[in-house]
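Undergrad: Once you've had a glance at the structure underneath, I'll fire off some questions.
The values are calculated or read from the model by the stated rules, or taken from the named source; none is laboratory data. Please read all numbers here as calculations on a predicted model, not as lab measurements. Here the Cβ positions follow ideal geometry from the backbone for every residue, glycine too, while neighbour counts run over all protein chains shown. Just so you know, the surface numbers come from the protein's heavy atoms only, side chains and all, with ligands and any DNA or RNA stripped out. Shrake-Rupley method; radii C 1.70, N 1.55, O 1.52, S 1.80 Å.
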Amino acid sequence: MAAAAHDSLTRARVRTAWLFLAPMLLVLAIVALWPLARTLLLSLTDASLGNAGAARFVGFENYLVKEDGVWYGLLADPLWWLALRNTLTFAFVSVAAEVVLGTLIALILNARFRFRGMMRAAVLVPWAIPTVVSAKMWAWMLHDQFGIVNDLLLRLGLIGAPLAWLANADLALWSVIAVDVWKTTPFVALLVLAALQMLPEDCYEAARVDGIHPVKVFFFVTLPLIRPALIVAVIFRFLDAMRVFDLVYVMTGNADATLTLSVHARQILVDFQDAGSGSAASVLLFVVIALLSVLCLLAMRGEVLGRRQ
Amino acid sequence: MMALARAVAFRLLVAALLAYLLFPFYYAVITSMKGGSAIFSVDYWPSQIDFSNYARIFSEQPFALNMLNSVLVAFAVVALSLLLGLTAAFSLGRIRFRGRNALLFAVLAVSMFPQVAVLSGMFELVRAFGLYNSLLSLVFSYMIFTLPFTVWVLTSFMRELPHEIEEAAIMDGAGPWTLVVRIFLPLLWPAMVTTGLLAFIVAWNEFLFALTFILSNEQRTVPVAIALITGGSEFELPWGGIMAASVTVTLPLIVLVLVFQRRLVAGLTAGAVKG
Amino acid sequence: MAEVKLVGLRKSFGRTEVIHGVDLRIEDGEFVVFVGPSGCGKSTLLRLISGLEEATAGEIWIGGREVSQVPPARRGVSMVFQSYALYPHMNVYRNIAFGLSLAGASRADMEARVRAVAEKLQISELLERRPRELSGGQRQRVAIARAIVREPQVFLFDEPLSNLDAGLRADTRVEIARMHDELQATMIYVTHDQVEAMTLADRMVLLNDGRVEQIGPPAELYRQPRNLFVAGFLGSPRMNLLEVQRGEGGLLLPGGGVIAHRGEVPGGRLTLGLRSEDLHPASGEGVVRGEVTLVEELGETRLVHLRIGDGQSVIFRHRELPGPRPGEQIALDADPDRALLFDGNGERL
Ligand SMILES: Nc1ncnc2c1ncn2[C@@H]1O[C@H](COP(=O)(O)OP(=O)(O)OP(=O)(O)O)[C@@H](O)[C@H]1O
Ligand SMILES: [Mg+2]
């Protein structure tokens, strides 16, 4: 009896594991890794979309290059920096609003009242509506001439004249953020609600018996307890918001005021058919998100360590 | 007195919240039923019941075809991601091997990929496979969204199933494939419904790939079709038609979500809270 | 039917070894029960035989075949799990038939065998039900039926009765004994319940920390434990273990009693083992004297706790009426032939 053969059943099981993983890994490699690698590669060439064969290697020219004393490339393009600023504003503001509003909604949903079931269902509606549809619905409501939002605000006397919510450069980004908040808050609310429902009842009983004001209870009891869930929600949503595309593109197209990194990259890539530069813009977005992910992970680990101590 | 005031205030808050959540869809429904020039007046209540907008999107546009495309793509995506996700979840949730956690983490990392970062590479691939302007390109490319969470959610559910049932089946002579199909699949079907539904919604709603990889009106899926609806002439407002189309594609989704409310919430929070 | 032989069997989980070389030979048709304290490796040993775990070293022979590298289903063994592990989504019929259908049995053959087994275990009326519509006892029968229907050479049971209530447990125990007589199959059974072990076993295997302490018929382990561990583990109440000294005409007990002892007695520490039923009230001086501290009434008999000379306590089983009262002084005699003596290493002399 060879001693080496003593784990053949275990080995067979591990082989099975890889066999059963293989199709998923293969597909994921084809749809994620390969395209990502190609995008990376294309970003170093002057390829045009659909004609990568004739591409020439240009190094980092698409990113940044100095010619005759002048800087060229994406990183020298004010438009890219504008897109970065818009994207960061969008992500920070919308996620902050979603978390505050989502927590509020979750608290309401966690209370006992007659129409709670109906309410929980209603919360899912904005989440279920396709992004493109939400974008269109709100674009219509925000229409400068025939929109109901202007009509309502005029009737209430809050504005003196109709506003061009989506065309006005000062308002457009905020309008888009408002729509994102409407659409995504339910998701945050559901996560927070799930966390709230796992809280032990007895803390509250104790607090109620002690006659502590509910607002105080929220800040000193509830909030610390749901903090981990909130952090997860914030990270998920933030990394998601950094990639925003559909909503912005459908509501305001390629307009500068709302140009985000995704919209910008697609514009170069598809509209200008410039695969080299477009890929470079995509890679930059990828790098920005990767950096933020790492930061988030570090923050989360710090949180976990902090809790242990 | 205080208690009453509080109760009234709470009711008002709930009512306001309900209005905030539901009004846009309600308004889309009203708008979709306005014909002719009624669209130019702002109404808070239904002023007309006129289905001409609905008739028009189906007669003047290939909207029925777009719906069919969306349905085909969504079902194919659900079937494929469940199949791949289930087998992968069996390995990741049930078998110990080195690198298992690293793999799970890598799969999660893919779900953080920005879509545009793979756009040019994917475009090449789609052309290389001869799938440009074909629905298959969408089925294939949507795997990048659906696989990561399908694998995660199914793995976390798979881990919770008792070991002894699997061992009993092994003693009965079940091989891995039999285990997956005849033991785990039936036991996991609630999780499968949840993840399938999430995958369906993702596929039904996707926009960027559908916009980029599909050229002809007849091959388009619904979101792109809606985004590209324009009026018959430059002076005609297309909003009636757009709202009709929006309501048409959203209603089935809302029904689906309301019916499977509990399962969906469980799936959404399982993915996030446990992960 | 087959004999089972384990040779130098070892099992490690990661770096920790939990089975430290077990050698064991189980005869064809024998009923062997594994007992031992929690965590000693009973389940692990059973799972090694079944093939659900793989040994780190050693050989497993079933019916003259070395099976360490044979998949579980082809070892000719069936297992009954503690939690029953019925397939929740299949009805009873399909639960029982599952293994047969995987083995490629024909429909008619399958039907006949399932019905026959169901008949034998009196679950014929339950065949259409799902496991969740069954009581604990019924589930247990289904689990056993599922094990029987495959006609294995060896049955493995891991605490199959521990989820049942006391009455049902006794009934099922009798039934398993009857089943063993009828099938004449080799059975290996793990339990925590000593009554179960004693009544069912042809031979018992007492495990301790991944090693075999003693193998033998229940009465032998009970009456002639090889060492202090075995002596202390088996029997309820535990055997009385008293430190004694070599003295004039026998062994000197704490409190001054003397018990006769035949044969050589070595020097060093000595421990005397007396079972509670081997002590009885003395007419004269007795060998053990002490004050009654507690009386546990069991109905037919009662357990009397004594505090003896050096503060140790001794338990004896009292049969006659009326029983003694706490506070009373009592003297006990012991049967010298039943007394066990252990040396300083805990080995029986
Ligand atoms: N899969 C495993 N990984 C690591 N250690 C294990 C594993 N299974 C069992 N062990 C360890 O092996 C030892 C023996 O476990 P085993 O389950 O065989 O004990 P047991 O005698 O059946 O106990 P019990 O009477 O409580 O069922 C224990 O210390 C246990 O912690
Ligand atoms: Mg055990």
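Undergrad: Once both labels are modelled 7 Å past Cα along the beta-carbon direction, what's the B:I49-B:R96 spacing in nm?
TA: It is 6.6 nm.
Undergrad: Next up: Taking a spot 7 Å from the Cα of C:R238 along the direction of its beta carbon, which residues of segment C:317-332 have an amide N less than 19 Å from it?
TA: C:317
Undergrad: Suppose every Lys and Arg Cβ carries +1 and every Asp and Glu Cβ carries -1, with no other charges. What dipole size does chain B come out with about its Cα centre, to the nearest 20 debye?
TA: Details: 15 positive and 13 negative charges, 160 e Å.
It comes to approximately 760 debye.
Undergrad: Positive end of the dipole of the protein assembly as shown, charges at C-beta (+1 Lys, Arg; -1 Asp, Glu), about the Cα centre: which of A:F286, C:Q69, C:V190 has its Cα farthest in that direction?
TA: A:F286
Undergrad: Sticking with this one: Search the structure for amide H atoms under 5 Å from the amide H of C:F34, placed 1.01 Å from N in the peptide plane, and list their residues when 5 or more places away or on another chain.
TA: C:Y189, C:V190, C:T191, C:V205
Undergrad: Restricting to DSSP H runs of at least four residues, report the calculated mean residue ellipticity at 222 nm for the protein assembly as shown, -39500 (n - 2.57) per run over all residues, nearest 500 deg cm²/dmol. Please list the in-between numbers first.
TA: Values: 34 runs with 471 residues, N = 933.
Calculated mean residue ellipticity at 222 nm is -16000 deg cm²/dmol.
Undergrad: Defining a contact as two alpha carbons under 8 Å apart and six or more residues distant in sequence, what relative contact order in percent does chain C show? Write out the running numbers ahead of the final one.
TA: Values: 702 pairs, mean separation 55.5, N = 349.
Here the relative contact order equals 16 percent.
Undergrad: Now, a different point. A drop of at least 50 square angstrom in accessible area, chain alone versus all protein chains together, probe 1.4 Å. Which residues of segment C:62-85 meet that?
TA: C:Q69, C:F81
Undergrad: Ok, one more. Using just the C-alpha positions of chain B as equal point scatterers, what log10 of I(q)/I(0) does the Debye formula give at each q in 0.07, 0.14, 0.16 1/Å?
TA: With no solvent term, the Cα-only Debye profile gives -0.37, -1.08, -1.22.
Undergrad: Would you mind checking the radius of gyration and Dmax of segment A:180-260 based on alpha-carbon positions, in Å?
TA: Over segment A:180-260's Cα set, Rg and Dmax evaluate to 18.1, 57 Å.
Undergrad: Hey, another quick one. For chain A, what is one quarter of the convex hull surface built on the Cα atoms, given in nm²?
TA: Details: hull surface 113.3 nm².
So the Cα hull casts an average projection of 28.3 nm².
Undergrad: In terms of modelled amide H atoms, which long-range or inter-chain residues lie less than 5 Å from the amide H of C:Q214?
TA: Correct list: C:L206.
Undergrad: Here's a follow-up. Excluding same-chain residues fewer than 8 positions from A:K136, which aspartates and glutamates have a Cα within less than 19 Å of its Cα?
TA: Output for A:K136: A:D144, A:D151, A:D180, A:D246, B:D43, B:E206, B:E234, B:E236.
Undergrad: OK, next. Take the Cα atoms of segment B:1-143, find their three principal axes, and give me the spread along each one in whole Å, biggest first.
TA: Result for segment B:1-143: principal-axis Cα extents of 64, 56, 26 Å.
Undergrad: As a test of the definition: with a 1.4 Å probe, what buried accessible area, both sides summed, do you compute for A against B, in Å² to the nearest 100?
TA: Values: alone 18980 and 16120 Å², together 27290 Å².
Buried area (both sides, nearest 100 Å²): 7800 Å².
Undergrad: Given an 8 Å cut-off on Cα distances and at least 6 residues of separation, report the relative contact order of chain B as a percent.
TA: On the way: 260 pairs, mean separation 84.9, N = 275.
So the answer I get is 31 percent.
Undergrad: Where the centre of each part is set by its Cα atoms, how far does segment A:136-207 sit from segment C:6-22, in angstrom?
TA: Each part's Cα centre sits 64 Å from the other's.
Undergrad: Reported to two decimal places, what Rg/Rh ratio describes segment B:1-50 when computed on Cα atoms with Rh from the Kirkwood expression?
TA: Details: Rg = 16.2 Å, Rh = 12.9 Å.
In segment B:1-50, Rg relative to Rh is 1.26.
Undergrad: Rolling a 1.4 Å sphere over the protein heavy atoms, what is the accessible area per residue of segment B:88-222, to the nearest Å²?
TA: On the way: 4420 Å² over 135 residues.
Here the per-residue accessible area is 33 Å².
Undergrad: For the protein assembly as shown, what is the charge dipole size about the Cα centre, in debye to the nearest 20, if Lys and Arg each add +1 at the Cβ and Asp and Glu each add -1 at the Cβ?
TA: Details: 80 positive and 82 negative charges, 183 e Å.
With Lys and Arg at +1 and Asp and Glu at -1, about 880 debye.
Undergrad: Of all the stretches in chain A, which is the longest one without any exposed loop site, taking trypsin sites (Lys or Arg not before Pro) in a DSSP loop (any state but H, G, I, E, B) with at most 10 other Cβ atoms within 10 Å?
TA: On the way: sites that count: A:R56, A:R112, A:R114.
It works out to A:115-309.
Undergrad: I would also like to ask the following. So how far apart, in nm, are the two label points at C:A177 and A:L152 if each is 7 Å from Cα heading toward Cβ?
TA: 8.1
Undergrad: If the chain between A:A37 and A:R301 were fully stretched, how many nm would it gain, using 0.36 nm times the residue separation less the Cα-Cα distance? Please list the in-between numbers first.
TA: Numbers: separation 264, 0.36 × 264 = 95.04 nm, distance 2.92 nm.
Residue separation times 0.36 nm, minus the Cα-Cα distance, leaves 92.1 nm.
Undergrad: Which residues in segment C:200-243 place their backbone N less than 17 Å from a point set 7 Å from the Cα of C:L298 along the Cα-to-Cβ direction?
TA: Only C:219, C:222-223, C:232-241 fall inside the zone, counting backbone N under 17 Å.
Undergrad: Solvent-accessible area per residue for segment A:2-67 at a 1.4 Å probe radius, Å²? Let's see the in-between values first.
TA: Details: 3610 Å² over 66 residues.
Per-residue value: 55 Å².
Undergrad: A further question follows. Hey, in the GNM for chain A with a 10 angstrom Cα cutoff, which one of A:V58, A:V192, A:V93 fluctuates hardest?
TA: Highest fluctuation of the listed residues: A:V58.
Undergrad: Now, a different point. Tell me, which longest segment in chain C has none of the trypsin sites (Lys or Arg not before Pro) that fall in DSSP loops with at most 14 further Cβ atoms within 10 Å?
TA: Values: sites that count: C:R15, C:R238, C:R262, C:R269, C:R319, C:R338.
Longest stretch, sites excluded: C:16-237.
Undergrad: Please report, as a whole percent, how much of the solvent-accessible surface of segment B:1-95 comes from carbon and sulfur atoms (probe radius 1.4 Å). Intermediate results must be reported in sequence, preceding the final value.
TA: Numbers: 3590 of 4700 Å².
So the carbon and sulfur contribution to the accessible surface is 76 percent.
Undergrad: Let me ask something else. Shielding by partners for C:239-249, please: the mean number of other protein chain Cβ atoms within 10 Å of each residue's Cβ. It would help to have the intermediate numbers written out before the result.
TA: Details: counts 0, 0, 0, 0, 0, 0, 0, 0, 0, 0, 0.
Partner Cβ neighbours, averaged per residue: 0.
Undergrad: Span-like helices, chain B: DSSP H, alpha-carbon axial extent 18 Å or more, mean Kyte-Doolittle 1.6 or greater, which ones?
TA: On the way: long enough: B:2-32 (44 Å, 1.69); B:63-94 (45 Å, 1.77); B:143-160 (26 Å, 1.07); B:189-205 (24 Å, 1.29); B:239-259 (29 Å, 2.15).
Membrane-span-like by this rule: B:2-32, B:63-94, B:239-259.
Undergrad: Here's something else I'd like to know. Most fluctuating residue of B:N66, B:N133, B:N101 in a GNM of chain B with Cα springs under 10 Å: which is it?
TA: Ranking B:N66, B:N133, B:N101 by mean-square fluctuation puts B:N101 first.
Undergrad: First measure r as the distance between the Cβ atoms of C:E220 and A:N110, then evaluate 1/(1 + (r/R0)^6) with R0 = 51 Å and state the FRET efficiency to the nearest 0.05.
TA: Here the calculated transfer efficiency is 0.20.
Undergrad: Rank A:L153, B:Y20, C:S106 by how far each Cα sits towards the positive end of the charge dipole of the protein assembly as shown (+1 on Lys, Arg Cβ; -1 on Asp, Glu Cβ) and give me just the farthest.
TA: Checked the options; the winner is A:L153.
Undergrad: Also: What is the calculated FRET efficiency for A:R15 to C:D23, with r their C-beta to C-beta distance and R₀ = 25 Å, to the nearest 0.05? Mind dumping the intermediate values first?
TA: Working: r = 32 Å, r/R0 = 1.27.
The calculated FRET efficiency here is 0.20.
Undergrad: Quantify how strongly other chains surround peptide B:104-112 by giving the mean number of their Cβ atoms within 10 Å of each of its Cβ atoms. Could you put the intermediate results ahead of the total?
TA: Numbers: counts 0, 0, 4, 5, 0, 3, 6, 4, 12.
Neighbouring Cβ atoms belonging to other protein chains average 4 per residue here.
Undergrad: Still on this structure: Running a GNM on chain C with Cα contacts under 10 Å, which residue among C:E54, C:E196, C:E328 ends up with the highest mean-square fluctuation?
TA: Fluctuation is largest for C:E328.
Undergrad: Express the carbon and sulfur contribution to the solvent-accessible surface of segment A:1-153 as a percent, rounded to the nearest whole number, probe 1.4 angstrom.
TA: Values: 4940 of 7340 Å².
Carbon and sulfur together cover 67 percent of it.
Undergrad: List, in order, the whole-Hz ³J(HN,Hα) value for each residue of segment C:87-99 obtained from phi through the Karplus relation with A = 6.51, B = -1.76, C = 1.60 and θ = phi - 60°; use x for Gly and Pro.
TA: Calculated HN-Hα couplings, in order: 6, x, 8, 10, 6, 4, 4, 6, 4, 6, 7, 3, x Hz.
Undergrad: Which ³J(HN,Hα) values, rounded to whole Hz and listed in residue order, are derived for segment C:304-319 from phi using the Karplus coefficients 6.51, -1.76 and 1.60 in 6.51 cos²θ - 1.76 cosθ + 1.60 with θ = phi - 60°, glycine and proline given as x?
TA: Working through the residues one at a time gives 10, 9, 10, 9, 9, x, 8, x, 5, 10, 10, 10, 9, 9, 9, 10 Hz.
Undergrad: For Cα pairs less than 8 Å apart in space and 6+ apart in sequence, what is the mean separation divided by the residue count of chain A, i.e. the relative contact order in percent? If you can, show how the numbers build up before the last one.
TA: On the way: 316 pairs, mean separation 83.1, N = 309.
Here the relative contact order equals 27 percent.
Undergrad: Using θ = phi - 60° and the Karplus relation 6.51 cos²θ - 1.76 cosθ + 1.60, list the HN-Hα couplings for segment A:241-258 in order, rounded to whole Hz, with x at every Gly or Pro.
TA: 5, 5, 9, 3, 9, 3, 4, 5, 5, 6, 7, 10, x, 9, 4, 4, 4, 10
Undergrad: How far apart, in nanometres, would the label points at A:F92 and A:S8 be if each is projected 7 angstrom from Cα along the Cα-to-Cβ direction?
TA: Inter-label distance under the simple model: 6.4 nm.
Undergrad: Dipole of the protein assembly as shown (Lys/Arg Cβ +1, Asp/Glu Cβ -1, origin at the Cα centre): which of A:G102, C:A2, B:L179 lies farthest to the positive side?
TA: Selected residue: A:G102.
Undergrad: Shifting gears a bit: Hey, any idea what Rg/Rh is for the protein assembly as shown, computing Rh the Kirkwood way over Cα pairs?
TA: On the way: Rg = 37.9 Å, Rh = 34.0 Å.
A ratio of 1.11.
Undergrad: Now for a different question. Taking R0 as 45 Å, what FRET efficiency do you get between A:F272 and B:M1 from their Cβ-Cβ distance, rounded to the nearest 0.05?
TA: E between A:F272 and B:M1, to the nearest 0.05, is 0.10.
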